[in-house]
Amino acid sequence: MNLESWRNDGVLIVGGGIAGLALAGALYRQGVPCELVERAPAWAPVGAGIVLGVNAMKMLRELGLADALENNARLLEVMSITDSDNRILARTNLADLQPRFGASLALHRSALHDVLLENARHVPIRMGTTVESAEEREESVEVRFSSGDTARFGLMVGADGLHSRVRELTFGPLPLRYSGYTCWRTVVDGGGTEVGGQEMWGVGKRFGLVPLDRDRVYCFAVVNAPAEEPDPASDRIHRLRKEFSEFGGPVPHLLDQLRQPEELIKNDLHEIVHRPWHRGRVVLVGDAAHGMMPDMGQGAAMALEDVWVLSQLIASELPLEETLASWMDRRKRRVRWVQNQSRRIGWVGQWRHPLACRVRNELTHLLPDSATTRVLARLARQRV
């Protein structure tokens, strides 16, 4: 299928998150007709904080969005791992990477969403809409929407997250892999918190914090727990404070800032391990294809890389089958490595035996700072 065929039938993007909006903006800039559908009835501020590392920012520069983000973000110069008493175990010197690869930023997820939405403002968007069915034709995929409307497209892109409807329609129901731990996220007042992010390792639990600006701090609290454990709002804040009562450093102050249980967003952490990520005229990107543990902070980066590579290939004159095969070939090894590394880091961070955790902490303390910095340099340096 050549570019003229794409112009005739266009691309349907399902999902208005990071991957979907980034792809919509990229295709519009390249003159490829597309439209987007989003399940939510209206845009609303969602999520908490997000860290955009050097490879995520590299993609945002390629997409022409980096400058707009820097006005709403905080420069991160260091990321630290400490124990629950706030003793430093390891440091990643992000400032060392900046001259070669650019800045790493922290910001509220809604600020990133606003920039992506503005960049896709010329793309037709249907809110409160999802895909009910999709049927392959010889030269198109015919889609029926939840509104009852039907339309034909040259390609359908599932950018609809970990619980992807497009993935289910294309590959059938696939099991998610539960990590064994759950996470609460929030943004609280934390004026005076030092520049840099921090993750504190306890026994079967971790607490992380990332300053977003002078006043706000993004916090996440991770605890080993059964899947779908009840989280009643009535004593949610009290239970979280009690869960992390042995943690020192900034944790007591930050948890004291919580006022309403609705401030805490709780998610069991799952991943999806399935390949290939395309079939016929359907392709999955971001979490819909390879939702991963957040322990390397690479979910958004992998989605943005997916989008940039796919948008470049879509705008080429390769036939559709070659476009998707080439995209899969370029992405699979890198994504697999990041997904596996994220799972391993989370597994180690959630160890629950006190003696094993003590040994883990001492061994981590012996690592040179350059070891963790080299991992990010590798991600920034390699071809996506």
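Using a Förster radius of 51 Å, what is the FRET efficiency between Asn86 and Ala42 based on their Cβ-Cβ separation? Nearest 0.05, please. Please report the intermediate quantities before stating the final value.
Numbers: r = 42 Å, r/R0 = 0.82.
The formula returns an efficiency of 0.75 here.
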Original post:
What ³J(HN,Hα) values, in whole Hz, does the Karplus curve 6.51 cos²θ - 1.76 cosθ + 1.60 give for the range 350-355 when θ = phi - 60°, with x put for Gly and Pro?
Top reply: 9, 3, 10, 8, x, 5
Original post:
Which value at 222 nm does the chain reach when only helices count, each DSSP H run of 4 or more adding -39,500 (n - 2.57), with the total divided by all residues and rounded to the nearest 500 deg cm²/dmol?
Top reply: -11500 deg cm²/dmol
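Taking 0.36 nm per residue of sequence separation and subtracting the Cα-Cα distance, how much length would be gained by fully extending the chain between Val359 and Arg214, in nm to one decimal? Please list the in-between numbers first.
On the way: separation 145, 0.36 × 145 = 52.20 nm, distance 3.59 nm.
This chain segment gains 48.6 nm when fully extended.
Taking 8 Å as the Cα distance limit and 6 or more residues as the minimum spacing, I'd like the relative contact order of the chain as a percentage. Can you show the working numbers first?
Working: 768 pairs, mean separation 88.8, N = 384.
Taking the mean separation of contacting Cα pairs over the length of the chain, I get 23 percent.
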**OP:** Please label the shape of the chain as rounded, prolate or oblate, based on the square roots a ≥ b ≥ c of the eigenvalues of the alpha-carbon gyration tensor (a/c under 1.5 means rounded; beyond that, a/b larger than b/c means prolate, else oblate).
**Re:** prolate
**OP:** Output the antiparallel fraction of DSSP beta bridges having both residues in the chain, as a percent to the nearest 5.
**Re:** 70 percent
**OP:** Work out, step by step, the length gained on full extension between Val273 and Glu138: first 0.36 nm times the residue separation, then minus their alpha carbon distance; give nm to one decimal.
**Re:** 45.6 nm
Subject >> Separation in nanometres of the label points that stand 7 Å from Cα toward Cβ, at Trp337 and Gln382 >> reply: 0.2 nm
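Which order do peptides 196-204, 40-48 fall in by mean Cβ count within 10 Å, highest first?
Working: 196-204: 22.3, 40-48: 12.2.
Most protected by this proxy first, the peptides run 196-204, 40-48.
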Original post:
So for the pair Tyr178, Arg29, with labels modelled 7 Å out along Cα→Cβ, what separation do we get in nm?
Top reply: 4.1 nm
Original post:
How do the peptides 119-126, 172-179, 21-28 rank, highest first, by the average count of neighbouring beta carbon atoms within 10 Å per residue?
Top reply: 21-28, 119-126, 172-179
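Note down the net charge around Arg281, summing +1 for each Lys or Arg and -1 for each Asp or Glu among other residues with Cβ under 13 Å from its Cβ.
On the way: positive: Arg137, Arg152, Arg279; negative: Asp9, Glu135, Glu136, Glu138, Glu139, Glu142, Glu321.
Value of the local net charge: -4.
Want the number for Gln257 to Asp149: 0.36 nm per residue separation, take away the alpha-carbon distance, what's left?
Stretched out fully, the Gln257 to Asp149 stretch lengthens by 34.2 nm.
Values quoted throughout were computed directly from the atomic coordinates according to the rules given, and no laboratory measurement underlies them. Everything numeric here is computed off the predicted structure, so don't read it as measured data. Quick reminder, even Gly has a Cβ in these numbers, built from the backbone with ideal geometry, and neighbours come from all protein chains shown.
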